[in-house]
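The values are calculated or read from the model by the stated rules, or taken from the named source; none is laboratory data. Keep in mind that this is a model prediction, so the values were computed, not measured. Glycine also receives a Cβ, built like all others from the backbone with ideal geometry; neighbour counts cover every protein chain displayed. Just so you know, the surface numbers come from the protein's heavy atoms only, side chains and all, with ligands and any DNA or RNA stripped out. Shrake-Rupley method; radii C 1.70, N 1.55, O 1.52, S 1.80 Å.
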Amino acid sequence: QVAGDMRADRPGMRVEGGRLLRVGEGSVLAAQLTLAEVSWLDEAEDAPLLAEHADLAALLSALAEHPLVAGLSMGGVVAGQQALANQLAYLLPFSIEQKLQLLQLDAPLQRLELIQHLLDRMQGEMTA
């Protein structure tokens, strides 16, 4: 789903996650438009958050209070692992390579573990 407003003072668009898919064979057309085959993945129920996710949920809640994040209307409270992983992956300043690594993981629990690992590494770099 693409949400956006193409006003001159706020150019661009924001892509919001929805149903998961795998990208197959594709090609790049004029103006860098990419056309590809996709196959939809089965939708699984979102697993509830565990006690070990409390710090990540608190981080999302704190991020949601930032004016730029509040303007996205994402909310800062989630009940499931997938929702938490998706919103943090979108909002945190990870590199494109790190975000792609997160997207390649099918299990939300694995995504949350990788997010925690990336945050721990960022913290270590800042204190070094």
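Taken over segment 52-92, the percentage of Cα pairs per 5 Å bin, counting from 0 up to the bin with the maximum distance, is 5, 26, 42, 20, 6, 1. Modelled spin-label separation between E97 and V77, with each label point placed 7 Å from Cα along the Cα-to-Cβ direction: 3.9 nm.
Diagonalising the gyration tensor over the Cα atoms of segment 49-118 and scaling each eigenvalue by 5 before taking the square root yields semi-axes of 18, 15, 10 Å, largest first.
The packing ranking of peptides 77-87, 50-60, 20-30, highest mean first, is 77-87, 50-60, 20-30, where packing means the average number of other beta carbon atoms within 10 angstrom of each residue. For the chain, the longest principal axis of the C-alpha atoms and the axis of helix 81-91 are separated by about 70°.
Mind checking the per residue accessible area of the chain for me, 1.4 Å probe, whole number of Å²? Could you put the intermediate results ahead of the total?
Numbers: 9240 Å² over 128 residues.
Each residue of the chain exposes 72 Å² on average to a 1.4 Å probe.
First compute the accessible area of the chain with a 1.4 Å probe, then give the percent of it belonging to carbon and sulfur atoms. Of all accessible area on the chain, carbon and sulfur atoms account for 57 percent. For the chain, the percent of C-alpha pairs falling in each 10 Å distance bin, counted from 0 to the bin holding the largest distance, reads 10, 35, 36, 17, 2.
Between the beta carbons of L35 and R121, assuming R0 = 41 Å, the FRET efficiency works out to 0.70 to the nearest 0.05.
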